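Okay, so here's the structure we're looking at.
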Amino acid sequence: MVDWVAVVLAKKETTYGTDAVPTVLLNGVMTRNYQGKPVDVDQVDRNLDSPTYGAQPGMPSNERRTFSYEVEIAGSGTAGTAPAWMELLEGCGMAAPALTAMTDAKQVFAAPGTMSSLSHYDFLSDQRRKALGCVGTFSMDFSAGAYPFISLNWTGLVPAATPFDKAAPGAVTLTRWQDPLEVNDANTDFTLDGYAAKMKSWKIDGGVSVAMRNLVGSRSVRRGNHSTKSTVVIEAVDVATKDYISTLRNGSLIAVDLTHGTVAGNIVEVSATKAQITNITESKENDIVMWTVELLHTISGGAADLQITAK
């Protein structure tokens, strides 16, 4: 019997697919809702002719690890120091954060041709599983009345040496991870095209393309292009106050910005300067008209389609 006691360690790799050897002292991840498979495989069918009906055995191929977890969004505790989750986002297509001492850490998507990867060790009780060359995609959730979080979905390579073994993690240091703040009126500011809309939630999908490459002479998990989209739920706005309907009709590019937190070291700002409203859906909540506004984050004019700032 294996008890469901989950521990995750993750560390950025210097060389793709080479074990970065994450440790419990430096690389523990404060996760929630961990899910995964010990190993993922495809089945290669031989399609042999047979004199009888029935299934024929296949051959397992293209083995890999796939797993997911969530992490809470909070600052690092010190302005100018990147939060631990920014390292995870590097494995999901984001660049290394640009640091300004005692001020902030800024992160945007990495340029084409550049890619970071992570080594993961994940444990269920004393059963250790390794995944190297991990690349993933992510989404962010800022919902009123809850703690903000990032969902991360990973694909990694199964290493040749001891991919699965019995090794309890021991005590894990998680001091890099700060306590989050609830998304609410006191802690959070939100604007859509400069207007402080009454926001219920803002959910952002990084839209990172992740593909397993299984070739002769090369096996890797590749990060490709991305298309970032988001959905914001707000109270409907009188057109005389703010005309989002015309914004949808004419395809204007607008700014969207959320600042969460009030004390230096635990403030996180998420923004896009050239977002496009692509759809508005109406619904009812407590007899109030609500709008679900869908946004496409564009790179028009060289804009950053997603910028995350911890300050």
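Among the conditions (1) open to solvent by less than 80 Å² (accessible area, probe 1.4 Å); (2) without any contact (Cβ under 8 Å) to a residue 24 or more places away in the chain; (3) β-branched (V, I, T), T231 misses just one, which is (2).
Can you tell me which residues in the range 194-205 are open to solvent by less than 50 Å² (accessible area, probe 1.4 Å) and farther than 30 Å from V7 by Cα? Even if it seems obvious, please write down each step before you answer.
From the range 194-205, those open to solvent by less than 50 Å² (accessible area, probe 1.4 Å) are 197, 199, 201-202, 204; that's our starting set.
A197, M199, listed by residue number.
I need a count of the residues in the range 260-300 that are open to solvent by less than 30 Å² (accessible area, probe 1.4 Å) and either touching a residue at least 40 places away in the same chain (Cβ under 8 Å) or within 21 Å of the chain's Cα centre (by Cα) (or both). Let's see the steps before the verdict.
At the first step, the residues of the range 260-300 found to be open to solvent by less than 30 Å² (accessible area, probe 1.4 Å) are 260-261, 265, 267-268, 270-272, 275, 277, 290-291, 293, 295, 297-298.
Checking which are either touching a residue at least 40 places away in the same chain (Cβ under 8 Å) or within 21 Å of the chain's Cα centre (by Cα) (or both) leaves us with 260-261, 265, 267-268, 270-272, 275, 290-291, 293, 295, 297-298.
Counting residues in the range 260-300 that are open to solvent by less than 30 Å² (accessible area, probe 1.4 Å) and either touching a residue at least 40 places away in the same chain (Cβ under 8 Å) or within 21 Å of the chain's Cα centre (by Cα) (or both) gives 15.
Filter the range 124-150 for residues that are among the hydroxyl-bearing types (S, T, Y) and either over 9 Å from the mean Cα position of the chain (by Cα) or under 15 Å from T66 (Cα atoms) (or both); which is surrounded by the most Cβ atoms within 10 Å (Cβ to Cβ)?
Step one: of the range 124-150, the residues among the hydroxyl-bearing types (S, T, Y) are 125, 137, 139, 143, 147.
From what's left, either over 9 Å from the mean Cα position of the chain (by Cα) or under 15 Å from T66 (Cα atoms) (or both): 125, 137, 143, 147.
Details: S125: 15, T137: 21, S143: 16, Y147: 16.
The selected residue is T137.
Residues in the range 151-181 that are open to solvent by 50 Å² or more (accessible area, probe 1.4 Å) and in contact with a Pro (Cβ under 9 Å, 6 or more places away or on another chain): F164, R176, Q178, L181.
Would you point out the residue of the range 32-87, among those that are among the aromatic types (F, W, Y) and open to solvent by less than 90 Å² (accessible area, probe 1.4 Å), that is nearest to A264 (Cα to Cα)? Walk me through how you get there before you give the answer.
Step one: filter the range 32-87 for residues among the aromatic types (F, W, Y), giving 34, 53, 67, 69, 85.
Subsequent filtering for residues that are open to solvent by less than 90 Å² (accessible area, probe 1.4 Å) retains 34, 67, 69, 85.
Working: Y34: 30, F67: 33, Y69: 27, W85: 18 Å.
Only one residue fits best here, namely W85.
Checking L296, L258, L215 one by one, the residue that is at pLDDT below 95 and either closer than 30 Å to L99 by Cβ or among the aliphatic types (A, V, I, L, M) (or both) is L215 and no other.
Checking each residue of the range 242-250 against the condition of being β-branched (V, I, T) and either within 18 Å of the chain's Cα centre (by Cα) or not in a strand (DSSP E or B) (or both) gives at least one match.
Please work out if D189 is on the phi < 0 side of the Ramachandran plot, acidic (D, E) and either open to solvent by less than 30 Å² (accessible area, probe 1.4 Å) or part of a loop (DSSP other than H, G, I, E, B) (or both). So that I can check it myself, show each step before the final result.
Values: on the phi < 0 side of the Ramachandran plot: yes; acidic (D, E): yes; either open to solvent by less than 30 Å² (accessible area, probe 1.4 Å) or part of a loop (DSSP other than H, G, I, E, B) (or both): no.
Considered against the rule, which asks whether it is on the phi < 0 side of the Ramachandran plot, acidic (D, E) and either open to solvent by less than 30 Å² (accessible area, probe 1.4 Å) or part of a loop (DSSP other than H, G, I, E, B) (or both), D189 comes out as no.
Taking the conditions (1) out of contact with any Leu (no Cβ under 7 Å at 6 or more places or on another chain); (2) assigned to a loop (DSSP other than H, G, I, E, B); (3) not hydrophobic (A, V, I, L, M, F, W, C) in turn, E63 satisfies each one other than (2). Exactly one of these conditions fails for G58: (1) in contact with a helix residue (DSSP H, G or I) (Cβ under 8 Å, 6 or more places away or on another chain); (2) more than 26 Å from Y34 (Cβ to Cβ); (3) not charged (D, E, K, R). Give me its number. The failed condition is (1). When V71, V41 are checked against the criterion of being in contact with a helix residue (DSSP H, G or I) (Cβ under 7 Å, 6 or more places away or on another chain), within 26 Å of A211 (Cα to Cα) and not in a loop (DSSP other than H, G, I, E, B), V71 stands alone in meeting it.
Confirm whether A98 is in contact (Cβ under 8 Å) with a residue 60 or more places away in the chain and open to solvent by 40 Å² or more (accessible area, probe 1.4 Å).
On the way: in contact (Cβ under 8 Å) with a residue 60 or more places away in the chain: no; open to solvent by 40 Å² or more (accessible area, probe 1.4 Å): yes.
So A98 does not fit the description; no.
If you go through the range 238-253 one residue at a time, do you hit one that is closer than 30 Å to A98 by Cβ and open to solvent by less than 30 Å² (accessible area, probe 1.4 Å)? Within the range 238-253 (the criterion being closer than 30 Å to A98 by Cβ and open to solvent by less than 30 Å² (accessible area, probe 1.4 Å)), the answer is no, since none of the residues qualifies.
Take V208 and tell me if it is open to solvent by less than 40 Å² (accessible area, probe 1.4 Å), closer than 28 Å to T309 by Cβ and touching a Gly at 6+ places or on another chain (Cβ under 9 Å).
Numbers: open to solvent by less than 40 Å² (accessible area, probe 1.4 Å): yes; closer than 28 Å to T309 by Cβ: yes; touching a Gly at 6+ places or on another chain (Cβ under 9 Å): yes.
It is true that V208 is open to solvent by less than 40 Å² (accessible area, probe 1.4 Å), closer than 28 Å to T309 by Cβ and touching a Gly at 6+ places or on another chain (Cβ under 9 Å).
Restricted to the range 215-226, and to residues that are surrounded by fewer than 14 Cβ atoms within 10 Å (Cβ to Cβ) and polar (S, T, N, Q), which residue is farthest from the chain's Cα centre (by Cα)? Per the stated criteria, the residue is S218.
The values are calculated or read from the model by the stated rules, or taken from the named source; none is laboratory data. Quick caveat, the model's predicted, so the values are computed rather than measured. Note: ideal-geometry Cβ built from the backbone for every residue, glycine included; neighbour counts use all protein chains shown. Keep in mind that these areas ignore ligands, DNA and RNA; they rest on the heavy atoms of the full protein, side chains included. Shrake-Rupley method; radii C 1.70, N 1.55, O 1.52, S 1.80 Å.
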